[in-house]
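The values are calculated or read from the model by the stated rules, or taken from the named source; none is laboratory data. Computed from a prediction, not measured in an experiment: that's the story for all the values here. Cβ: placed from backbone, ideal geometry, glycine included. Neighbour counts: every protein chain shown.
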Amino acid sequence: MVLLLPIKMDISTFYSKRAKRLLLPFIFWSLMLPVLYFLYVNSGIKILSPNILTENYTIGLTLQKLYTFIFNFNYDTTPLWYVYMLIGLYLFMPIISSWLKQASKKDIQWFLRIWIISMCLPYLQMLAPYLGYTGNNGNMGILGICDWNEYGMFYYFSGFLGYLVLAYYLVQYPLDWSWKRTLTAAIPLFLIGYVITAGGQVRYLIQPCSLTGLDRLEK
């Protein structure tokens, strides 16, 4: 995707080409997967997954899935979750491309710094209660987020767009690092990311078990 930047065609031509390559397969599989799931569930084959409930695979509900995919993916089309993100990036690429054409190296660096800060906000939100933050009338959002506003201070810098800009930056200004310097930076970052991800997953899996155990003790 980053190889398309900067875009050298008009916006209508760009959208037209991307639509043919992305939207048509997306629509096809969004329609086909619910049908295949319906045939599978009603074929008489033993269903092993506890997430697949036969009552959710009637003709009526299957037909409903054939048009509600425009709002979001469903269980049957879960593998297509990333296509919604891709469509959003393609829609924004001509706009961000115009900025990248005239942005200096320092300009892009400033964008990436703010983007990195925005990526850390979920961890700051987790830490805030331990520092005494009690939320805004029960809403635990931070930096402007409340019941009537989901768009926080760094909302417009967050998301997958930052990866696209970062990739463009690395293509235009590749790091002239030795293997030693690369590994010195990459290994600690990998380990930190692994610990945070694995720790969060373990906490997520253990918490329901602990609650279940407490319920049993109460009984």
**Message:** Yes or no: the range 140-160 includes at least one residue that is in contact with a strand residue (DSSP E or B) (Cβ under 9 Å, 6 or more places away or on another chain) and polar (S, T, N, Q).
**Reply:** no
**Request:** Select, from SER49, SER12, the only residue that is more than 20 Å from LEU161 (Cβ to Cβ), of a type in the set (S, T, N, Q) and part of a helix (DSSP H, G or I).
**Result:** SER12
**Message:** Here are the criteria: (1) closer than 25 Å to ILE116 by Cα; (2) modelled with pLDDT under 85. Tell me which single one VAL171 does not satisfy.
**Reply:** (2)
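Results for (1) under 30 Å from TYR15 (Cβ atoms); (2) part of a loop (DSSP other than H, G, I, E, B); (3) of a type in the set (S, T, N, Q), shown as yes or no for each residue.
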position	(1), (2), (3)
ILE96	yes, no, no
PHE111	yes, no, no
ILE114	yes, no, no
GLY141	no, yes, no
LEU164	yes, no, no
TYR168	yes, no, no
THR184	no, no, yes
